[in-house]
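Only the coordinates and a few stated rules stand behind these numbers; no lab work does. Given the structure is predicted, the values throughout are model-derived calculations rather than measurements. Counting neighbours? That spans all protein chains shown, and the Cβs are built from the backbone with ideal geometry, glycine included.
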There are 2 protein chains.
Amino acid sequence: VSAHRVVVVGAGFGGLSVARHLGNQPDIDVLVVDRANYHLFQPLLYQVATAGLEPADIAHPARGILRRHRNVRFRSGEVTGVDWDTRRLLVKGSAPIPFDSLVLAAGARTATFGVPGVDEHAFGLKRLQDAVGLRSHLLRQFEQADADPTQVDLGALNVVVVGGGPTGVEMAGAFTELFHVVFARDFPRLPIHRARVVLVEMADELLTPFVRPLRNAARRDLYHKGVELELGRSVAEVDAKGVRLDDGRLIPARTVLWAAGVQAEPLGAALGLATTRGGRVVVGHDLAVPDHERVWAIGDLAASPDEEGEILPQLAPVAIQGGAYVAERILARDTGEQPRPFHYVDRGTMATIGRRAAVAQLPWGIRFTGTLAWLAWLGLHLIQLIGFRNRLSVLLNWAWNYVTWDRAARIIVDVERHPDE
Amino acid sequence: VSAHRVVVVGAGFGGLSVARHLGNQPDIDVLVVDRANYHLFQPLLYQVATAGLEPADIAHPARGILRRHRNVRFRSGEVTGVDWDTRRLLVKGSAPIPFDSLVLAAGARTATFGVPGVDEHAFGLKRLQDAVGLRSHLLRQFEQADADPTQVDLGALNVVVVGGGPTGVEMAGAFTELFHVVFARDFPRLPIHRARVVLVEMADELLTPFVRPLRNAARRDLYHKGVELELGRSVAEVDAKGVRLDDGRLIPARTVLWAAGVQAEPLGAALGLATTRGGRVVVGHDLAVPDHERVWAIGDLAASPDEEGEILPQLAPVAIQGGAYVAERILARDTGEQPRPFHYVDRGTMATIGRRAAVAQLPWGIRFTGTLAWLAWLGLHLIQLIGFRNRLSVLLNWAWNYVTWDRAARIIVDVERHPDE
């Protein structure tokens, strides 16, 4: 008999989880397909955007990860569709790829909710090029203001962060540290005290998934770092000059980070599957796509229900556990047993606000803030990184940044694609 | 009295050498202007292109280097001209910058010599974006060939390196190691033995500045690594499919590195100064620009003569020593003493061919090859890197690459400039 062919779309947390759990299993061949040629450790993306880490610290070549499993292969390419009749995945630049089982784990992208000007003038923070582009853009604003100080009055040094979730909070904190610690020394003639970091959040509180004491701690920490909080406010429009709030005020700013929401990659609709309003693929309690045999969707792409039918949040642990669950379903394919429903175990959540400031909320009511939470956050993220080399490199960069108050990666690089491609 | 204002154009080896020698000197203000916001350690650029090092390992923020001197400032911007009457440097996006002394150290760029197709289809290797762009391009060729094996017949895996100087030799050696060590594991289904690395050199020998035994050693090492040598051959044309040699043969290749020559940045002509055929600014034995008071040109930008009137080569040590010489001239500005002519001390030259293979040629007839030369090369480059953090990072990356035969930075990233800029 020939091996069971599993095709996984996406090399994020979910896709890699499937591949690892099927790695070196008999009679199974796995092919992982992703547009990028690397697995991106998104939780540290904001540190690349603020020059604390280098891209290769958090982007691990997918082939390097997967080659340790003899039965797992990788292909870099854009998925254009599925031929459901012949059960083949269509990938640009490649022959159709037949599958017996298909796992969709394409992840999510920035959602702009149709707010005018966001696409053109704001940065998202989901892809590696978002972070590198934002870093260059921000450095360029400071360089230009140093050459022409009249730019300061036009908001060249200002940053608006939209969205008070973990990404927005982390970015706002990282921006103030970058400005007051690194740029204050780099640009001694610039009035860095006039560099505003404004955090806009539609709700009345930051970090809504956290309990109130932690939300308050985050708010206090950001306040002490000098972040201006605009809570209960939304963005009406973004243009090249700044951000207009819903109350009509204009915040002049050249750099706008849009961290107000994500939507699933548009793969579900492109494949003709039922999706939610956020583009997430509708799946059952077994994470299977209805009316399609042996097709699953997991992670940020899927609207995975918990046992009560509530849709789970778009978080890395949901994707990782979903991947393990689907791998188990695939391994049990011939047993005929009735699948137990997917059960998500919430092991807690954390967010960091900056140097020795973080909030952590664990099960059983355990919660802490400050240095302890910050150290826990550092340790957890270090462990979750893939590969000894990346862990060592991130650890050394963190130690360096902490001791010297420096950020080594503050270099402006624009790299355009070669015209022949 | 107000301080003597020195403006230095270029933050390369020459410009930094001037700034450092004038650092913390009384009654002197220095402003260094560069298009980039970093000093690039060009000798290791080829390792970024072949995924062995990360950009931030060899690009050090200029402000970080210069801020240790209280009297030295930096500005990032493009020089558009000089108003010679009022003695002011014109920089895009900035008010004119008055100077008492001006040092031109803008360096060199790739010279294509008008060969058709080189601009459009080949990569140079002088700027950081060249290296990052080449890395992405090469990785993409292998990914595409893995998805569509018919691409192999069209030369998707082939690389042509044009130019048999140190850069060409280093790149050719690094490509073969990348292919046979890293890609052979990453792409187990690709016929890596069919990935050709062809080195084209117009002269009959490689590394012409070296003595014959070292040239022969380099040639032998490259041959053993599987590099195809086309000596005594030049390139007639480059297009998207490959390289046509002067004997009419077409070498199919998607990746072409043009390392056949450099020309000075076009600053000399733009400023109306006398230049050589290669665009180098004509200077006297004191590195001063004739007919301009207190204006010097150094490094790759200048045609610096040695004591016999021979034009010195475009090498880092010439720029560094030229910078120190000009700084000394500026410090002695009021003494009225007759300047001794610039004297270049050749401390030797090295080139590396790959893992434990290099050639080194020192004064007094000392020369060696193999592991010893390779270790000397590693040590010398490590010492010359700026900053403890970069030295440590490069050392760790080298150790990692050597022990694991891996290259961590093999990620494809294209980052385009923000449309607002």
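Some observations on this one:
- Taking the alpha carbon gyration tensor of the range A:260-379, multiplying each eigenvalue by 5 and rooting it gives semi-axes of 32, 18, 11 Å, largest first.
- The DSSP beta bridges internal to chain B are antiparallel in roughly 45% of cases.
- A simple charge model with +1 on the Cβ of Lys and Arg, -1 on the Cβ of Asp and Glu and nothing else charged puts the dipole of chain A at about 1120 debye relative to its Cα centre.
- Formal net charge of residues neighbouring B:R215 (Cβ-Cβ distance under 15 Å; K, R +1; D, E -1): -1
- Per-pair calculated FRET efficiency, R0 = 56 Å: A:E328 and B:E78 via Cβ, rounded to 0.05: 0.45
- Taking each DSSP H run with n ≥ 4 as -39500 (n - 2.57) and averaging over every residue of the protein assembly as shown yields -9000 deg cm²/dmol at 222 nm.
- Here the contact order of chain A, divided by its residue count and restricted to Cα pairs under 8 Å and six or more residues apart, works out to 19 percent.
- Computed label-point distance, nm, for sites A:Y402 and A:S234 using a 7 Å Cα→Cβ extension: 4.1 nm
- The same position A:P213 in the other copies lies at 7.6 nm from this copy, comparing label points 7 Å beyond Cα toward the beta-carbon, shortest first.
- Dipole of chain B [Lys/Arg +1, Asp/Glu -1 at C-beta], most positive-end residue of B:A147, B:A269, B:L207: B:A147
- B:R67 sits among other residues whose Cβ lies under 10 Å from its own Cβ, and their net charge, with Lys and Arg +1 and Asp and Glu -1, is +4.
- Counting DSSP beta bridges with both ends in the protein assembly as shown, the antiparallel % (nearest 5): 50 percent
- Extension gain, B:A184 back to B:N24 (0.36 nm per residue minus Cα-Cα distance, nm): 52.3 nm
- Straight-line cross-link partners of A:K225 among the aspartates and glutamates, defined as a Cα under 13 Å from its Cα and at least 8 positions apart when in the same chain: A:E170, A:E177.
- Model label sites at B:E120 and A:Q129, defined 7 Å from Cα along the beta-carbon direction, differ in position by 2.3 nm.
- Cα-Cα P(r), chain A, percent of pairs per 10 Å interval: 4, 21, 30, 25, 14, 5, 1, 0
- In this structure, the amide hydrogen of B:H39, modeled 1.01 Å from its nitrogen in the peptide plane, lies closer than 5 angstrom to those of B:H60, B:A62, counting only residues at least 5 positions away or on a different chain.
- Shortest-first distances to equivalent copies, position B:G272, nm, label 7 Å out along Cβ: 7.2
- Cα centroid of the range A:200-248 to Cα centroid of the range A:129-184, whole Å: 16 Å
- Principal-axis analysis of the Cα atoms of chain B puts helix B:370-384 at an angle of about 40° to the longest axis.
- Helix B:166-177 axis, angle to chain B major axis (alpha carbon atoms, nearest 10°): 30 degrees
- Rounded, prolate or oblate (a/c below 1.5 giving rounded, otherwise prolate when a/b exceeds b/c) for the range A:1-108 by Cα gyration tensor: prolate
- Using a 7 Å Cα-to-Cβ projection, B:W364 label spacings across copies, nm, ascending: 7.1
- Nearest-ten-degree value, helix B:388-404 long axis tilted from longest Cα axis of chain B: 10 degrees
- When you filter the trypsin sites (Lys or Arg not before Pro) in the range A:198-257 for DSSP loop state and at most 16 other Cβ atoms inside 10 Å of their Cβ, you are left with A:K241, A:R249.
- Peptide A:142-150 has a mean shielding of 5, counted as Cβ atoms of other protein chains within 10 Å of each residue's Cβ.
- Shape of the protein assembly as shown, Cα gyration tensor, a/c cut at 1.5: oblate
- Within the same chain, lysines fewer than 8 places from A:K92 are excluded, and of the rest, those with a Cα less than 28 Å from its Cα are A:K126, B:K241.
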